[in-house]
Structure formats: C-alpha cells, structure tokens
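For reference, the structure discussed in these notes is given below.
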Amino acid sequence: MTTSTSLRTAPGAPGSPARDASWLLRAVLRTDSVSTAVFAVLMLVESALTATPLGMPRELAIVSGCGMVCGAVAFLVLARLPVLPPRLVAGAIALNAVCGVAFAVLACTDVVPLTGFGRLFLGAGAVIVAVFADLEYVGLRRVRRSARARVRTA
C-alpha cells in the first residue's frame with residue numbers, strides 16, 4: 001500500500017482545484033445545525049426548571065425543543081449529502097423563515113405569557129433564524145448559478 005506525501009493546497013490557492021460552489025451553503029447549514037441544537041438544549045433545559053426564566057409553558061418548551069433537535073439533525077444530514085437537492089434546501093430555508101416569523105410573533109405579542117427575558121430570547125432567535133434563512137438562500141443561489149454555468153460550458 002502506498003501513501004501520498006504531497007501537501008494539500010487550500011481551495012482557491014494557485015494550483016488547487018476551484019472551491020466547490022456549495023461550500024457556503026454547506027457551512028451555513030452546518031452552523032445552523034449547531035445553533036439550532038444549542039437553542040433546542042436551552043429550551044429543553046428551560047422546560048425542566050422549576051421557575052421558568054422565559055415564562056414559556058413547559059409543554060410548549062418541550063415540543064419546541066424536540067422539534068428543534070429534529071431540525072438540527074435534518075440540517076446536518078442535508079449539509080453532508082454529496083449533492084444538495086435544491087428542493088430540500090428550499091424546504092430548509094422555508095422552515096427557517098416560518099420559525100423566524102413564529103418566534104417574532106411570540107416575542108412581540110401576548111399569545112404566550114413570556115417574561116422580559118423570554119421576549120428577548122425569542123426575539124434574538126427570530127433574528128438568528130432569519131439570518132440563517134437569508135444566508136442559505138444566498139448559498140442556494142450560488143449553487144444554482146454554478147450549475148447553470150457548468151451546463152453552458154459543457
């Protein structure tokens with residue numbers, strides 16, 4: 001068995017292959033997965049506390065936390081696929097957009113009796129989710145543009 005002793009060059013460096021157009025989208029999906037998992041853990045921990053700092057009903061915190069765990073796994077699986085299916089990526093973007101709107105509505109209304117910290121927490125979550133949706137959209141556009149360019153040059 002032989003092993004290669006050549007040094008790897010960074011993507012985009014002279015003499016290296018061009019960086020794959022999906023790098024941004026994959027990086028954002030991985031980061032979204034991690035942040036969603038952290039947010040889910042915070043929701044689940046909050047639901048287990050005797051005095052809830054967010055003011056969110058325990059049942060809602062548990063359901064939200066479990067749903068976010070599922071979303072985190074889905075984002076990670078999607079990021080690791082060899083080929084990113086545009087419809088699944090669009091679904092992830094739509095999911096982020098819907099969650100962002102839901103968090104904003106909960107933070108800005110009295111639908112749920114949140115504490116001031118709870119409003120701040122969900123408001124920050126709404127902003128973060130909206131940023132991820134936007135970055136994923138930008139990444140998807142880059143992947144589509146790259147695919148169209150490959151078709152034109154083929």
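The values are calculated or read from the model by the stated rules, or taken from the named source; none is laboratory data. Predicted, not measured: the structure shown is a model, and the values here were computed from it. Cβ: placed from backbone, ideal geometry, glycine included. Neighbour counts: every protein chain shown.
May I ask you to say which residue of A104, A72 is at pLDDT 95 or above and either on the phi > 0 side of the Ramachandran plot or within 15 Å of the chain's Cα centre (by Cα) (or both)? Walk me through how you get there before you give the answer.
On the way: A104 fails: either on the phi > 0 side of the Ramachandran plot or within 15 Å of the chain's Cα centre (by Cα) (or both).
That would be A72, the only listed residue that is at pLDDT 95 or above and either on the phi > 0 side of the Ramachandran plot or within 15 Å of the chain's Cα centre (by Cα) (or both).
Within segment 6-41, track down each residue that is at pLDDT 50 or above and outside any helix (DSSP H, G or I). Lay out the reasoning, then the answer.
Going through segment 6-41, the residues at pLDDT 50 or above turn out to be 19-41.
The answer is R19, D20, A21, S22.
Name every residue in segment 79-118 that is touching a residue at least 60 places away in the same chain (Cβ under 8 Å), part of a loop (DSSP other than H, G, I, E, B) and over 21 Å from V34 (Cβ atoms), in order of residue number. Quick ask: steps written out before the conclusion?
Filtering segment 79-118 down to residues touching a residue at least 60 places away in the same chain (Cβ under 8 Å) leaves 84, 89, 92, 96, 114-115, 117-118.
Still in the list and also part of a loop (DSSP other than H, G, I, E, B): 84, 114-115.
Result: L114, T115.
Six or more apart or on different chains, Cβ under 8 Å: which pairs go from a residue in segment 124-143 that's of a type in the set (K, R) to one that's assigned to a helix (DSSP H, G or I)? Could you list them?
Once the first residue is of a type in the set (K, R) and sits in segment 124-143, its partners that are assigned to a helix (DSSP H, G or I) give R142/L24; R142/L25.
Name the one entry in L44, L54, L60 that is within 20 Å of V112 (Cβ to Cβ), of a type outside the set (K, R), modelled with pLDDT under 95 and part of a loop (DSSP other than H, G, I, E, B). Steps first, answer last, please.
Working: L44 fails: part of a loop (DSSP other than H, G, I, E, B); L60 fails: part of a loop (DSSP other than H, G, I, E, B).
Only one candidate passes the filter, namely L54.
Tell me, which residue of segment 75-89 that is over 12 Å from the mean Cα position of the chain (by Cα) and surrounded by fewer than 16 Cβ atoms within 10 Å (Cβ to Cβ) is modelled with the lowest pLDDT? Steps first, please.
Start the filter on segment 75-89 by keeping residues that are over 12 Å from the mean Cα position of the chain (by Cα), which leaves 80-88.
From what's left, surrounded by fewer than 16 Cβ atoms within 10 Å (Cβ to Cβ): 80-83, 85-88.
Values: R80: 95, L81: 94, P82: 92, V83: 89, P85: 93, P86: 92, R87: 94, L88: 95.
Restricting to residues being over 12 Å from the mean Cα position of the chain (by Cα) and surrounded by fewer than 16 Cβ atoms within 10 Å (Cβ to Cβ), the top hit is V83.
Would you mind stating whether A154 is modelled with pLDDT under 95 and either more than 15 Å from W23 (Cα to Cα) or crowded, with 20+ Cβ neighbours inside 10 Å (or both)? Step through it out loud before you land on a result.
Values: modelled with pLDDT under 95: yes; either more than 15 Å from W23 (Cα to Cα) or crowded, with 20+ Cβ neighbours inside 10 Å (or both): yes.
Taking the combined requirement at face value, the residue satisfies it.
Among the residues of segment 96-127, write down those that are surrounded by 18 or more Cβ atoms within 10 Å (Cβ to Cβ) and within 30 Å of L84 (Cβ to Cβ).
If the condition is that a residue be surrounded by 18 or more Cβ atoms within 10 Å (Cβ to Cβ) and within 30 Å of L84 (Cβ to Cβ), then N96, C99, G100, F103, L122, G125, A126 are the ones that fit.
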